[in-house]
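What follows is a short report on a single structure.
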Amino acid sequence: MEKPQNKYRFERKYIIQAEHLDVFLFELLNHGYSEIFEQRQINNIYLDDYDCTNVWDNIEGISNRTKPRIRWYGEQFADSKKTVEFKIKSNDVNRKEAIHLDGSQLKSFGDIDAYWDNIQTKMITNKEAKFYTEKLFTLRPTLLNSYSRNYFINADESIRITIDQNLFYYSPLTYTEDTDTSIIIEIKYNSEYIPSNNLFGNLALTKHSKYIKGMLMTSTFKAIY
C-alpha cells in the first residue's frame, strides 16, 4: 500500500464554462503559475455499498467520510497499472491512501462488475490490502467516469491547480452514459497557504463531487437532488 499522506490538504472547487477557460488560463500564467504535466486522461470506477451510503453521506453533508475508487490514467480500456484509492475527508481537508495493483485491463463497460470481482480475488492474497479487504467486499461498482486534466503549480510550489474537462459518466447500475461540458477547477494547498483572491475572486466557490454529479446524471438520484 502506498504510504499514507499524513498531512491533510485543503481543496477548493470552482466551475466555469468553456468560453471562459482561455481568460482563466491567461490569468493563471500571468500570476506566475506553470504547467507541470502534460494533459492526461483520468479514469475512475467509484465503489459504494448497496445502500449507496457514500452518495447519501455527501448529500447530507457528513463531514467525515471515505470515498473508495479504482483509478488509472490513459485510455479507458487500456492495459495499465491501477490503484484502489481511498479519499478520506475530515471536515474541510482531504488525504488519500492507495493500494497499487498490477497491470490489468477493463475490456468494456459491460465488463465492470466482472472486472471488480477479479480485483477482489487478487486482493485476497495481497498483504498490503488485507486491512481493507473486509470492507471492500461489501462494495460494488456504481459509476465510471473519465475526464482530461491539466496540472499547474505556483512559483513557490505551495499551491497546485488542476483543470478538469471533457467529463464522461457511465453507470453500471442503469447502463446509462452522459457527458458534462462544465470545467472544474480545483485548488489544493496546505493549511498555512491560502490562495489569493486576486486570481479566484471572479469565480464562484462550489461544493462539487464528480461522483455525485455522475450519479445524478445517470440514475434516479436526479429526482431527489
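The values are calculated or read from the model by the stated rules, or taken from the named source; none is laboratory data. What you are looking at is a predicted structure, and each value in this text was computed from that prediction instead of being measured. FYI the Cβ positions are ideal-geometry reconstructions off the backbone, even for glycines, and counts take in every protein chain you see.
Looking for whichever is aliphatic (A, V, I, L, M), at pLDDT below 90 and either over 25 Å from Asn190 (Cα atoms) or exposed (fewer than 13 other Cβ atoms within 10 Å of the Cβ) (or both) here; the options are Ile124, Ile99. Which one fits?
The unique qualifying residue is Ile124.
Pick out, from the range 1-113, the strands (runs of 3 or more DSSP E) lying fully within it that include 1 or more residues that are on the phi < 0 side of the Ramachandran plot and among the aromatic types (Phe, Trp, Tyr).
9-16, 34-48, 64-73, 80-90
Taking Lys89, is it farther than 24 Å from Ala18 by Cβ, exposed (fewer than 14 other Cβ atoms within 10 Å of the Cβ) and either among the aromatic types (Phe, Trp, Tyr) or at pLDDT below 90 (or both)?
In short, no.
Of the residues that sit in the range 177-189 and are at pLDDT below 95 and either among the polar types (S, T, N, Q) or in a loop (DSSP other than H, G, I, E, B) (or both), which one is surrounded by the fewest Cβ atoms within 10 Å (Cβ to Cβ)?
Here the residue is Thr181.
Among the residues in the range 18-33, are any free of Cβ contacts under 8 Å to residues at least 60 places away in the same chain and among the small types (Gly, Ala, Ser)?
Looking through the range 18-33, none of the residues is free of Cβ contacts under 8 Å to residues at least 60 places away in the same chain and among the small types (Gly, Ala, Ser).
List every residue pair whose Cβ atoms lie under 7 Å apart, where the two residues are 6 or more positions apart in sequence or sit on different chains, the first residue falls within the range 152-180 and is under 25 Å from Asp113 (Cβ atoms), and the second residue, located anywhere, is of a type in the set (Asp, Glu) and buried (at least 18 other Cβ atoms within 10 Å of the Cβ).
If the second residue must be of a type in the set (Asp, Glu) and buried (at least 18 other Cβ atoms within 10 Å of the Cβ), the pairs left are Leu167/Asp180.
What are the pairs with Cβ atoms under 7 angstrom where one residue, in the range 47-61, is over 15 Å from Ile88 (Cα atoms) and the other, located anywhere, is of a type in the set (Ser, Thr, Tyr) and at pLDDT 90 or above? Sequence gap at least six, or different chains.
Cys52/Thr142
Counting just the residues of the range 129-163 that are assigned to a helix (DSSP H, G or I), surrounded by 12 or more Cβ atoms within 10 Å (Cβ to Cβ) and among the charged types (D, E, K, R), which one comes out modelled with the lowest pLDDT?
Among residues in the range 129-163 that are assigned to a helix (DSSP H, G or I), surrounded by 12 or more Cβ atoms within 10 Å (Cβ to Cβ) and among the charged types (D, E, K, R), the one modelled with the lowest pLDDT is Lys130.
Which residue, of Glu60, Glu19, Glu38, Glu2, is out of contact with any Asp or Glu (no Cβ under 7 Å at 6 or more places or on another chain), surrounded by fewer than 13 Cβ atoms within 10 Å (Cβ to Cβ), closer than 25 Å to Leu101 by Cα and at pLDDT below 95?
Glu38
Which of the residues belonging to the range 55-114 are within 15 Å of Asn44 (Cα to Cα) and aliphatic (A, V, I, L, M)?
Passing the criteria: Ile70, Ala78, Val84, Ala98, Ile99, Leu101, Leu106, Ile112.
Just wondering, is there one or more residues in the range 190-200 that are at pLDDT below 95, part of a strand (DSSP E or B), among the polar types (S, T, N, Q) and in contact with a strand residue (DSSP E or B) (Cβ under 7 Å, 6 or more places away or on another chain)?
The answer is no, given that none of the residues of the range 190-200 is at pLDDT below 95, part of a strand (DSSP E or B), among the polar types (S, T, N, Q) and in contact with a strand residue (DSSP E or B) (Cβ under 7 Å, 6 or more places away or on another chain).
Does Lys67 satisfy being in contact with a His (Cβ under 9 Å, 6 or more places away or on another chain) and surrounded by 17 or more Cβ atoms within 10 Å (Cβ to Cβ)?
Taking the combined requirement at face value, the residue does not satisfy it.
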